[in-house]
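The structure appears right after this line, and notes come after that.
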Amino acid sequence: MSAQLLRRAIETQNRTWNAMQEIRAAADREGRDLTAEERQAWDRAEEELSVASGDIERFERAARLDEIDRDEVVSARGGNGGGEQTEADVRYAAAFRRYLTYGMSRLDSEDRDLLMGAHVELDTRAQTSASDVAGGFLVPDSFWDRMTEVMKAFGGIAAYAETITTGTGADLPWVTLDDTGNEGEFLGENDDVTEGPDLKFGGRKLKAHIVSSRMVKWPFALLQDAAVDVDGLMSRKLGERIGRRTARAWITGTGVEQPEGLLTNAVVGKTGAAGQVTAVTYDDLVDLEHSVDPAYRNSNSRYVFHDQTLKVLRKLKDADQRPLWIPVPAAGMPATINGRPYAIDNSMPVPAANAQSIVYGDIRSAYVIRIVKGITLMRLNERYAEKLQAAFLSFARTDGCVQDRNAYRTYQHPAA
């Protein structure tokens, strides 16, 4: 179903885009401005185009989530999707599902023992909530796989940054490197090799900052309905919440008790001219691209910006009056700005005075995300019992930092 909806949204987008270009071409051929009727038609088409583009983003995300579901089914059947599960994995997943559905008090001794083997004490203020036990339980691998993939789907640059998964939350030294200004040398016969500038190593420690989903309330009736995929629904919703919060940190995080954001200490590659507090020009984008070292202007390079910025960029044309924005030609193929793919990340600032609203560069080389394998979930039985609801609370541990500041640059609007 998602694939059919995506195809229809792409057809609508391209049909609307072509209609807009016909309106513009007619005015250009006759050397005139748009008529009142043409302006009204253009405005209606612009609204339809925005809706279609938003639908494409939603349906592409839904398609990725559908793929996650299919992989999980294969994994659960012992197929190649996630590797064959051991008997212990299957038993733990079943015990965990019963814990989600009924709570700790309804489990038999065998299920309790299985869960307590994966009990985690959490050093967080959420401990003050009334829960079955002090802390929570590690989710099964299938739950973790789906939840982390959902986090990525809602995580903006997470789909393009380098991502590493660690088995523990111990501090992880991470080396940063800047060697773009150095080069080798040719040697003549019997020449000695000369000493060159030392590598400019930097570094920081990737930590395991705790991020929570906040409490999610579920009706008892929904939990105990055999027709409802509790594991799937819960992993999606918890993953979405954590994904949205980490996405914001990976763009604007301070680096203090949270990840360092891509924009936090970014180098500005181009500043707009006076008066462009909400505007961008074609020349600005060309200058921004060329402010990035050519080594990073490769097949991995892309733009990153807010959806409101895309609305501005869609109206731009190059020196030959060709639109910079080229829509999605078909499912699986990217739309482009000035021939470059882009990523929509609504954690980015919208166009405004002093805002760094556009990033361009090789995001994989620029940024690294660390995720600790071992998401924890707890069930709170008593707090909302009078409403016939249970509350669930999930914790993930993650960090992120810029690993190569030369791999990207930003466009910044002027102050006024």
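The values are calculated or read from the model by the stated rules, or taken from the named source; none is laboratory data. It should be emphasised that the depicted structure is a prediction, and the values quoted were computed from it without experimental measurement. Cβ placement follows ideal geometry from the backbone for every residue including glycine, while neighbour counts extend to all protein chains displayed.
Restricting attention to segment 1-38, the residues being part of a loop (DSSP other than H, G, I, E, B) and either of a type outside the set (Asp, Glu) or not assigned by TED's automatic domain parsing to the domain that holds Ile56 (or both) number 5. Among the criteria (1) outside any loop (DSSP other than H, G, I, E, B); (2) more than 23 Å from Gln412 (Cα to Cα), the one Val256 does not fulfil is (1).
For segment 354-364, does any single residue satisfy the condition of being surrounded by 17 or more Cβ atoms within 10 Å (Cβ to Cβ), aliphatic (A, V, I, L, M) and touching a Cys at 6+ places or on another chain (Cβ under 7 Å)? Scanning segment 354-364 turns up no residue that is surrounded by 17 or more Cβ atoms within 10 Å (Cβ to Cβ), aliphatic (A, V, I, L, M) and touching a Cys at 6+ places or on another chain (Cβ under 7 Å). When segment 237-246 is filtered for residues that are buried (at least 21 other Cβ atoms within 10 Å of the Cβ) and closer than 15 Å to Leu100 by Cα, only Leu238 remains. Scanning segment 23-56 for residues that are over 17 Å from Asp307 (Cβ atoms) and exposed (fewer than 12 other Cβ atoms within 10 Å of the Cβ) yields Ala25, Asp28, Arg29, Glu30, Gly31, Arg32, Asp33, Ala36, Glu37, Gln40, Asp43.
Rundown of residues vs (1) out of contact with any helix residue (DSSP H, G or I) (no Cβ under 6 Å at 6 or more places or on another chain); (2) buried (at least 19 other Cβ atoms within 10 Å of the Cβ); (3) among the hydroxyl-bearing types (Ser, Thr, Tyr); (4) not assigned by TED's automatic domain parsing to the domain that holds Val90, yes/no style:
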site: Gly275; (1), (2), (3), (4): yes, no, no, no
site: Asp284; (1), (2), (3), (4): yes, yes, no, no
site: Leu288; (1), (2), (3), (4): yes, yes, no, no
site: Ser299; (1), (2), (3), (4): yes, no, yes, no
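Where strands (runs of 3 or more DSSP E) sit wholly within segment 88-185, those with at least 3 residues that are in the same structural domain as Glu257 (by TED's automatic domain parsing) and modelled with pLDDT of 85 or more occupy 136-138, 162-166. Cβ-Cβ below 7 Å, separation at least six or inter-chain, first residue in segment 317-339 and within 21 Å of Ala25 (Cα to Cα), second surrounded by 11 or more Cβ atoms within 10 Å (Cβ to Cβ) and of a type in the set (Asp, Glu): which pairs? Once the first residue is within 21 Å of Ala25 (Cα to Cα) and sits in segment 317-339, its partners that are surrounded by 11 or more Cβ atoms within 10 Å (Cβ to Cβ) and of a type in the set (Asp, Glu) give Leu324/Asp318. Applying the condition of being assigned to a strand (DSSP E or B) and not hydrophobic (A, V, I, L, M, F, W, C) to segment 320-358 and asking which residue is farthest from the chain's Cα centre (by Cα) yields Pro323. Pairs are defined by a Cβ separation below 8 Å, a sequence spacing of at least 6 or placement on different chains, a first member in segment 274-299 that is assigned to a loop (DSSP other than H, G, I, E, B), and a second member that is basic (Lys, Arg); the pairs so defined are Ser291/Lys270; Ser291/Arg409; Val292/Arg409.
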